[in-house]
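Below: one structure, written as structure tokens.
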Amino acid sequence: MLRLYTEGHRNFSNSDLRGVTGNIISQEIKSLNLREIILRRSNLTAVVLCRSATLKVDLTGSDLSNCNLQGADLSTCKLDQCNFSNSDLRRANLSRSSCRVSDFMKANLQNIMIYNNDTDFTASNFTEANFRSTYLSGKFSHTKFCKSNLRKATFKSFYSQGADFLDADLRDIELPTPTTVDIRYSYYNQKTKFSPDFDPIEMGMELIEEITDLED
């Protein structure tokens, strides 16, 4: 696949790359450019892209929609503007990755691994994504969590200023003490679900009132 990519091929949809590791890449290679590669509907279970912290993998603008990425190690990768919509990312490792302006719409992100609060999801789209019971850390400013399932998620070193939580489920979320969570200026509406002991106003969130059309 790497040879075909260097020859100009970009569409590798429906590939079976289960368990492939970065060990197949020459130790002399320090950076791997896979920008705009198309792996739609591929099986990438347990794939390990970075053999070590010295290998930099760039997947900017790639299509990873409808993929099986369970247990995949995408740590330290550049994943900006990628499409992960409808993909299964359960137990995937995204630590220290850059995922700015990426699309995770309807993705399953249960138990994703983020061990570093520098993981960057700024301006990404998590509409209808599933984070139930997931440990969340990182930069989520101006992201869309509209209709997402965040029930029983644990937030630590979580920064989501200006995020959209309209219609999201935030019941039973856990916050560390002392808190390292900053969700100021994030939006919610009357359909956003909170536990009775959670005060969104105290957390600095802003209520968006529903606008209804008046009949003549």
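The values are calculated or read from the model by the stated rules, or taken from the named source; none is laboratory data. Predicted model only: the values in this text are computed from it and were never measured. Positions of Cβ are backbone-derived with ideal geometry, glycine not excepted, and every protein chain shown enters the neighbour counts.
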Determine the pairs where a residue that is on the phi < 0 side of the Ramachandran plot, located within the stretch 139-151, has a partner that is β-branched (Val, Ile, Thr) and in a loop (DSSP other than H, G, I, E, B) with Cβ atoms under 6 Å apart, the partner being 6 or more residues away or on another chain.
Lys139/Thr122; Ser141/Thr122; Lys144/Thr127; Cys146/Thr127
Could you tell me whether Phe140 is within 15 Å of the chain's Cα centre (by Cα) and of a type in the set (Phe, Trp, Tyr)?
yes
Within the stretch 2-31, the residues that are modelled with pLDDT of 80 or more and either under 20 Å from Asn83 (Cβ atoms) or among the basic types (Lys, Arg) (or both) are Arg3, Tyr5, His9, Arg10, Asn11, Phe12, Ser13, Asn14, Ser15, Asp16, Leu17, Arg18
Scanning the stretch 86-106 for residues that are in a loop (DSSP other than H, G, I, E, B), free of Cβ contacts under 8 Å to residues at least 24 places away in the same chain and crowded, with 20+ Cβ neighbours inside 10 Å gives Ser87, Leu89, Ala92, Ser97, Ser102
For the stretch 123-142, which residues satisfy the criterion of being within 18 Å of Ser95 (Cα to Cα), assigned to a loop (DSSP other than H, G, I, E, B) and in contact with a Phe, Trp or Tyr (Cβ under 7 Å, 6 or more places away or on another chain)?
Ser124, Phe126, Phe140, Ser141
Of Cys77, Cys67, which residue is more than 13 Å from Met113 (Cβ to Cβ), modelled with pLDDT under 95, out of contact with any Pro (no Cβ under 9 Å at 6 or more places or on another chain) and not hydroxyl-bearing (Ser, Thr, Tyr)?
Cys77
Selection status of Ser157, in contact with a strand residue (DSSP E or B) (Cβ under 9 Å, 6 or more places away or on another chain) and in a loop (DSSP other than H, G, I, E, B):
no
Run down Leu94, Leu136 and say which single residue is at pLDDT below 95, within 21 Å of Ser62 (Cβ to Cβ) and aliphatic (A, V, I, L, M).
Leu94
Inside the stretch 64-84, can you point out the residues that are hydrophobic (A, V, I, L, M, F, W, C) and touching a residue at least 24 places away in the same chain (Cβ under 8 Å)?
Leu64, Cys67, Leu69, Ala72, Leu74, Cys77
Considering only the stretch 160-180, state which residues are surrounded by fewer than 20 Cβ atoms within 10 Å (Cβ to Cβ) and outside any loop (DSSP other than H, G, I, E, B).
Glu174
